[in-house]
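Remarks on the structure that follows.
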Amino acid sequence: MQVHVHRIESEPFAENSYVVWAEGSHEAFVIDPGFEPDLILDVIRKKRLTLAAIVNTHGHIDHIAGNRALKSAVPDAPLIIGAGDAAMLTDPMLNLSGLFGFNVTSPPADRLVADGETLTVAGIELEVREIPGHSPGHVVYVVHAAEPPVVLGGDVLFSGSVGRTDFPGGNFKTLAAGIRAKLWPLPDTTRVFPGHGPATTTGEEKRTNPFVGEAAR
């Protein structure tokens, strides 16, 4: 399956939102809409896509700030997040916006997902893998059918780095163990689309990542 992953960088945190759809399909879902949802809606319109779902990897403000605008634009699009971060959607202190003076909230989730679950969104099957440590209930979504496979990874694994663990609920040992257990077994060609910075592959990070790769040992 050919899967298109279109990146939109949202300021002020240089957060990556993604519009994802399968070749030949007119349905798409959005991963982690940030502070510039109009840019996401522009992509959906220009590519003549229909928004099928809003999917969050975790509940920090820069990854959920656009939820309300997208939900308002397409009320029938379900909002999906891991069960462990669901409370962050509606609580400014938990999602960190209160610490920055934004006090932003999202509509509550329509569907909660858990580790090991699979769901089909816009014709694309996603496997949920929970990898806490950046946030308490952070999940990543694996598209095994894509060629090569795809990880929609949020703030877990970056090109040459990993997600911050100094926020409430963060824990580096937990994050590192989760990456090694849940991402390293994937094929080395697996493309990782992170919440900040450029895309990478599991193989590249296993070899060179200074925090969790072979270089860290």
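Read-outs throughout are calculated quantities, based only on the coordinates presented, and are distinct from any laboratory measurement. Just so it is clear, the structure is predicted and the values come from calculations on it, not from any experiment. Quick reminder, even Gly has a Cβ in these numbers, built from the backbone with ideal geometry, and neighbours come from all protein chains shown.
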Assign unit charges at the C-beta atoms only (+1 for Lys and Arg, -1 for Asp and Glu), then state the dipole size of the chain relative to its Cα centre in Debye, rounded to the nearest 20.
200
Placing +1 at every Lys and Arg Cβ and -1 at every Asp and Glu Cβ, with all other atoms neutral, what dipole size does the stretch 4-118 have around its Cα centre, in debye to the nearest 20?
360
Calculated FRET efficiency, Asp38 and Asp166, Cβ-Cβ r, R0 25 Å, to nearest 0.05?
0.20
Size of electric dipole in the stretch 108-169: Cβ of Lys, Arg +1 and of Asp, Glu -1, about Cα centre, debye, nearest 20
140
Of the beta bridges DSSP finds with both residues in the chain, what % are antiparallel, to the nearest 5?
65
Extended-chain gain in nm, criterion 0.36 nm per residue less alpha-carbon gap, Ala69 and His144:
24.0 nm
How far, in nm, would the chain grow between Thr90 and Arg45 when pulled straight, counting 0.36 nm per residue and subtracting the alpha carbon separation?
13.4 nm
Would you list which lysines come within 17 Å of Lys173, measuring only between C-alpha atoms, while excluding same-chain residues fewer than 8 positions from it?
Lys182, Lys206
Full extension from Glu11 to Glu117: what is 0.36 nm times the residue separation minus their Cα-Cα distance, to one decimal in nm?
35.0 nm
Residues of type lysines that Lys47 reaches as a straight line, Cα spacing below 24 Å, ignoring anything fewer than 8 places off in the same chain:
Lys71
Here the FRET efficiency for His4 versus Asn103, based on Cβ atoms and R0 = 30 Å and rounded to 0.05, is 0.30
